[in-house]
Amino acid sequence: MRLSALSLSMLALPLVCGNAMADWYEATGQAVLRSGDTKAARTAATEDAVRKALLYSGASIRTVQQVTDGLLTQESMVLQTQGEVQHVQIVSETEEYGYINVTIRADIYPDQNQCANLQLKKELLISPFIIENREQAIAGQLYELDQASTSLFIQKLEESSGSSLIKLLPQSIRQKELSYADRSALQRNYGGRYLLKASLGDVSLGERVGSNWTFWSDPDRERFYQLQLELSDIQEQKVLLNQKYQTSAVWGFRDTTVISPKTQRFWQTDYGRSIERVLNAAAQDVEEALRCETILADITLVDQHKVLLNLGSKQGLKLGDELTILHRRQHKDSLGQLQDQLTISELKVKVTELTHQNAWAQSVNMDLLANVQVGDAATLVQEQR
């Protein structure tokens, strides 16, 4: 169900404005051309390219829609804006093999408050989406819409995210709140600190729309799609994003027509396209919520001057990176639930050995790490930006 792809490169053409330095970023977005709708494909490809340029530069992706809409309404295909994105230009547009490719160049000024640890990827656990009221899926037999939505959301997040390593859980998590034991088990078994849960709250049919109604056919009707999404830090027991997305579109099929959400036919309908836009917006919101989260490495072994960390090159750690040690202690909250408490120490370690999954880090001053215990944590030194 691959709906778009892209390539991206940075051009080393810095521009100076006052005390700020800007760089040109070039990005190519690609979108499927459906039913000859060139305008929709061009918009999707341009949005892809704009989003990728912003993500690659570290700028906020909240401006994607504004920049895309503004760019496509300019006769000169050049847009002057305010803020991080100062100048955007469409370089080329091509059509081949049923796809439209749009290449843009964007003049982007990095955010002065850019996150300190963008280089590290967060391990994100995704609970498979669920349809809350399965009887609503009877029309069209859309019982696999939750699975298809999960797959497309992951695809959108992988295409737009520089912040996460995604792992799909084998089963949906239906509990509203997880106990300390549940959270610990998730981290121990799957290695992720962040958890995304989502449900489809409304996929029902609404009122009749349009005039397509004869004695041998069912009327065109409005069909809803409501996505409730929650992103949480299961270690800190903190909700990072809790958002509801809603859309609707014409459902032009008879009640007895079966159309699988795992087919291209479904995603080429107005309803499928509306869902795709929702999932794309949700993926961008998750990326925005995760990108500045502080990532912690757990200490799994202590050996005199060295500690073994459970992060490696897979997460973006590099040789020479310096980290601050944090002591972890457990305490009970007002409800008697066990909680972790982290205390920043003055100890710093530097990565000296690196594998895909782990890293050895040595004390910067060769101090004995006698007070450091297995279960303590480490985080990148803030000055490393």
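The values are calculated or read from the model by the stated rules, or taken from the named source; none is laboratory data. All of these numbers come straight from a predicted model, not from anything done at the bench. No Cβ is skipped: glycine too gets one built from the backbone with ideal geometry, and neighbour counts run over all protein chains shown. Areas reflect the complete protein model, heavy atoms only, side chains present, ligands, DNA and RNA absent. Shrake-Rupley method; radii C 1.70, N 1.55, O 1.52, S 1.80 Å.
Below, the figures for the structure above:
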| quantity | calculated |
| --- | --- |
| Top-ranked residue of region 129-151 - restricted to ones that are of a type in the set (Ser, Thr, Tyr) and open to solvent by 50 Å² or more (accessible area, probe 1.4 Å), ranked as farthest from the chain's Cα centre (by Cα) | TYR143 |
| Pairs where the first residue, in region 185-197, is at pLDDT 85 or above and the second is in a helix (DSSP H, G or I) and open to solvent by 30 Å² or more (accessible area, probe 1.4 Å), C-beta under 7 Å, 6+ apart | ARG193/GLN187 |
| Any chance ALA185 is more than 15 Å from LEU279 (Cβ to Cβ) and touching an Asp or Glu at 6+ places or on another chain (Cβ under 9 Å) | no |
| Residue check, GLN228 polar (S, T, N, Q), crowded, with 17+ Cβ neighbours inside 10 Å and either within 28 Å of THR300 (Cβ to Cβ) or at pLDDT 95 or above (or both) | yes |
| Pairs with Cβ under 6 Å, 6+ apart, first in region 145-164 and in a helix (DSSP H, G or I), second at pLDDT 95 or above and hydrophobic (A, V, I, L, M, F, W, C) | ASP146/PHE129; ASP146/ILE130; ASP146/ILE131; ASP146/LEU200; SER149/PHE129; THR150/PHE129 |
| Residue list for region 263-292, restricted to those being in a loop (DSSP other than H, G, I, E, B), open to solvent by 30 Å² or more (accessible area, probe 1.4 Å) and touching a residue at least 24 places away in the same chain (Cβ under 8 Å) | GLN268, CYS292 |
| Selection status of LEU311, part of a loop (DSSP other than H, G, I, E, B) and either in contact with a Pro (Cβ under 7 Å, 6 or more places away or on another chain) or modelled with pLDDT of 90 or more (or both) | yes |
| Residue among ALA53, ALA116, ALA45, ALA59 that alone is open to solvent by less than 60 Å² (accessible area, probe 1.4 Å), among the aliphatic types (A, V, I, L, M) and at pLDDT 85 or above | ALA45 |
| Failed criterion for ALA31 (all others in (1) out of contact with any helix residue (DSSP H, G or I) (no Cβ under 9 Å at 6 or more places or on another chain); (2) open to solvent by less than 40 Å² (accessible area, probe 1.4 Å); (3) at pLDDT 80 or above hold) | (1) |
| Failed item, numbered, when GLU207 is tested on (1) at pLDDT 90 or above; (2) over 23 Å from the mean Cα position of the chain (by Cα); (3) open to solvent by 60 Å² or more (accessible area, probe 1.4 Å) | (1) |
| Failed criterion for ILE126 (all others in (1) crowded, with 19+ Cβ neighbours inside 10 Å; (2) modelled with pLDDT under 90 hold) | (2) |
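Per-residue answers, yes or no, for (1) open to solvent by 20 Å² or more (accessible area, probe 1.4 Å); (2) assigned to a loop (DSSP other than H, G, I, E, B); (3) of a type in the set (Asp, Glu):
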| position | (1), (2), (3) |
| --- | --- |
| LYS167 | yes, no, no |
| ILE173 | yes, yes, no |
| ARG183 | no, no, no |
| LYS197 | yes, no, no |
| GLU236 | yes, yes, yes |
| VAL250 | yes, no, no |
| THR256 | yes, yes, no |
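Every residue, every condition in (1) surrounded by fewer than 16 Cβ atoms within 10 Å (Cβ to Cβ); (2) in contact with a strand residue (DSSP E or B) (Cβ under 7 Å, 6 or more places away or on another chain); (3) acidic (Asp, Glu); (4) at pLDDT below 90, yes or no:
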position	(1), (2), (3), (4)
LYS244	yes, yes, no, no
SER260	yes, no, no, no
LEU296	no, yes, no, yes
GLN339	yes, yes, no, yes
THR343	yes, yes, no, yes
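Residues checked against (1) modelled with pLDDT under 85; (2) part of a loop (DSSP other than H, G, I, E, B); (3) small (Gly, Ala, Ser); (4) surrounded by 13 or more Cβ atoms within 10 Å (Cβ to Cβ):
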position	(1), (2), (3), (4)
GLY336	yes, yes, yes, no
LYS350	no, no, no, yes
ASP367	yes, yes, no, yes
GLY375	no, yes, yes, yes
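Here's the yes/no breakdown for (1) in contact with a helix residue (DSSP H, G or I) (Cβ under 8 Å, 6 or more places away or on another chain); (2) modelled with pLDDT under 80:
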{"site": "LEU71", "(1), (2)": "yes, yes"}
{"site": "SER76", "(1), (2)": "no, yes"}
{"site": "ILE90", "(1), (2)": "yes, no"}
{"site": "ALA106", "(1), (2)": "yes, yes"}
